[in-house]
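Down below is the structure, laid out as structure tokens.
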Amino acid sequence: MTDMDEPERFAGRRDDLRTLLEALRRPEHAGVVLHGLSGSGRGSLATELVRRLGAEAGLVVRVSGADTGEQVLDTFGRLLGAEPSWPDRAADDRRRRLAAYLRTPDEFWRDRLATAFAVLGERPVTLVVDDFATDHRGEPADRGLAAFLARWIREPGSHRVLITSRRPFTLPDGLHERLTEHHVGPLTEAEARMLGSRLPALGALTAAEHRRAWLGTGGHPRTLEHLDALLRRSTAGFAAVAERLDRVLAAEGTPDPGRWAEELRSASAGDRRAGLALAEAIATTVNEAVLDDLLALLDDDTRRLLVGAAVYRRPADEPALIRHAAVPGAPPDLSAGLDLLTGLGLVAEVPAPAGPGVGEDDVRHLVHRWTAEAIARLCPEETTREHRRAAEYYRHRVRPRDSDPVADLGDLIEARQHLFLAGRVDEAIRLSFLVRERLDMWSAWDWARAVCEETLGWVAPDSRDAGSLLHYLGLLAHRRGETAEAERLLGRAVSVSEAAGDRAQLASICHKLARLAEDRGDHATAERRLRQALLVDAETGNRAGLAAGQHRLGLLCALGGRLSEAVALHCQALAIEIALGLPDARVEVADLARLRAALGEREFHRAVTAVLPEESVGGLARLLDDFATAAENRQN
């Protein structure tokens, strides 16, 4: 096979392939970004590039742009572990141990990634990220995944990355500049004719009809495939279908569908934006009209199955699809509906991921995102209902799996997403807190942050849940050394917790803000936050929090030379710690002993009697004398 051999299922893009293969083989380039409208063939082009790289691609790790760095490493480890045994037994043992290590979520992902490339050495690895999400400015939607990709690019070794996305994007430290960006636009007329020759209905059109189909779909591959499916199911001929689509476009303000091709042909090489934007608008409008007609031609059972399959982000197995095909009182039969939908190109069969109990012939079913998003807009009520069924499926699957905790967590996350899209937001929020708990236990902080930031958009902005999420995000920022961001988030959490009346959480946040202020030497702010926390702790009856706050406030007073005030605070803290049986009482005694030595007996006694009853003053004196004797004995 040569680089330019045509596979059975890939049409055209020969110039793109040649340019991109050269870029992928350049040592100074880390990979390629394919950006453009969903359904334009970005994923197919990525697949074809990997196929043409052959052995140069090495181990191919293909993931979703919705995955986190933790999930990427889990997939990496699973694929590495599923490889056939290596001839060298020592090397094979290292491979198996590395595969297990990559799937250990309580190890920091940066360490696991660096270890993987060090162990694999010159063995190539190609990471393929499908549909990397960005905002309208090209900023990554998930900062954690962006950081992971930047690290992948930065790490030395024989590895590359191939990313598809809606638009170009930036990565931390400017590392996106090491990627070759390539826009995947409309098919040329020749490429569309090549694609049409492989589709039953489009292949039967005349040259003039095929040109009209190409212009009327904006040269969009997936829309052309949907048009072929409609022509196969409909009794109306191409002329009638094309006239209806022209009327739809005219109603949307596009009376001349062919103008996009003319604009692209006459535009300069550097300014094709107007023609591309028009082609994308035509493709989006026509695609929905075609799918609307196509859905109306399906029987109820098949339509239900299609809408159900379309709600899944991950390829769905048969038990999942049965939930959407089942009619009460009737045994589910998927075969006829799936055969029809796969034959029409609306549902694709994909190999099941390697794993225990998975056979070579096992398949999953997936609806392309372009198709699924259009179906959701056309069938909102049915889509909501099917999301509820998908949520129940994943909740049913969730069970303690000691051998695969990441898979168990993945099911929880999918259930959470489907619950939210089904309108059961409160249940989705509760699952979010459970997911966060597990991720925090593993120290999977990037993943936890992504979950919390998404959930923050689901909760009421002045609710207890919002305060809790902001509090946790602030703690995460502090753990990562992002002090300014931690203070900003915790400051927001204070305002939200006050508005929500969550006094206990408010005290906890103030304690943390006091600690941050202490760390940067701002003792005035630290004291203000501690006094705020003490007021709330006293109000809520949190005696342990009260003692901890008094202890730290005493230390601040001592640093400021206010020794008598420090004595009073340490005495109050000691009384609570003794009453509660807290081990911190020993530290309190040591601090009071130092203060007695600094103040002298008379001043110390005056400060103590101001806060302790007379019978306790003598007991404290004996306690401090015993402490001094024990300290002297240790020194001797």
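A few comments on the model shown:
- Residue check: residue 179 meets all listed conditions (1) over 19 Å from residue 38 (Cα atoms); (2) out of contact with any His (no Cβ under 9 Å at 6 or more places or on another chain); (3) surrounded by 15 or more Cβ atoms within 10 Å (Cβ to Cβ) but one, namely (2).
- Residue in the stretch 90-106 that is modelled with pLDDT of 90 or more and under 30 Å from residue 455 (Cα atoms) present: yes
- When residue 136 is tested against the conditions (1) open to solvent by less than 50 Å² (accessible area, probe 1.4 Å); (2) closer than 26 Å to residue 313 by Cα, the lone failure is (1).
- Checking 406, 425 one by one, the residue that is under 25 Å from the mean Cα position of the chain (by Cα) and at pLDDT 95 or above is 425 and no other.
- Residue tally, condition open to solvent by 20 Å² or more (accessible area, probe 1.4 Å) and out of contact with any Leu (no Cβ under 8 Å at 6 or more places or on another chain), over the stretch 238-262: 13
- Yes/no for residue 626 being more than 30 Å from residue 501 (Cβ to Cβ) and either out of contact with any Leu (no Cβ under 7 Å at 6 or more places or on another chain) or open to solvent by 20 Å² or more (accessible area, probe 1.4 Å) (or both): yes
- Whether a residue is touching a residue at least 40 places away in the same chain (Cβ under 8 Å), surrounded by 15 or more Cβ atoms within 10 Å (Cβ to Cβ) and acidic (Asp, Glu) was assessed, and residue 591 passes this test.
- The single residue among 586, 602, 562 that is charged (D, E, K, R), within 47 Å of the chain's Cα centre (by Cα) and open to solvent by 50 Å² or more (accessible area, probe 1.4 Å) turns out to be 586.
- Qualifying residue in the stretch 360-379 (condition: farther than 29 Å from residue 42 by Cα and at pLDDT below 95): no
- The lone criterion from (1) under 25 Å from residue 519 (Cβ atoms); (2) in a helix (DSSP H, G or I); (3) open to solvent by 30 Å² or more (accessible area, probe 1.4 Å) left unmet by residue 575 is number (1).
- Condition broken by residue 86, with the remaining ones in (1) aromatic (Phe, Trp, Tyr); (2) in contact (Cβ under 8 Å) with a residue 60 or more places away in the chain; (3) open to solvent by 70 Å² or more (accessible area, probe 1.4 Å) satisfied: (2)
- The residues on offer are 222, 211, 198, and the sole one that is of a type in the set (Lys, Arg), buried (at least 20 other Cβ atoms within 10 Å of the Cβ) and either assigned to a helix (DSSP H, G or I) or modelled with pLDDT under 95 (or both) is 222.
- Candidates 451, 494 - the one that is of a type in the set (Val, Ile, Thr) and free of Cβ contacts under 8 Å to residues at least 24 places away in the same chain: 494
- Residue selected from the stretch 263-276 under the condition surrounded by 13 or more Cβ atoms within 10 Å (Cβ to Cβ) and free of Cβ contacts under 8 Å to residues at least 24 places away in the same chain, by the criterion nearest to residue 186 (Cα to Cα): 275
The values are calculated or read from the model by the stated rules, or taken from the named source; none is laboratory data. What you see is a predicted model; the values in this text were computed from it and never measured. Because the Cβ atoms are built from the backbone with ideal geometry, glycine has one as well, and the counts that use them run over all protein chains shown. What goes into the accessible areas is simple: the full protein's heavy atoms, side chains included, and nothing from ligands, DNA or RNA. Shrake-Rupley method; radii C 1.70, N 1.55, O 1.52, S 1.80 Å.
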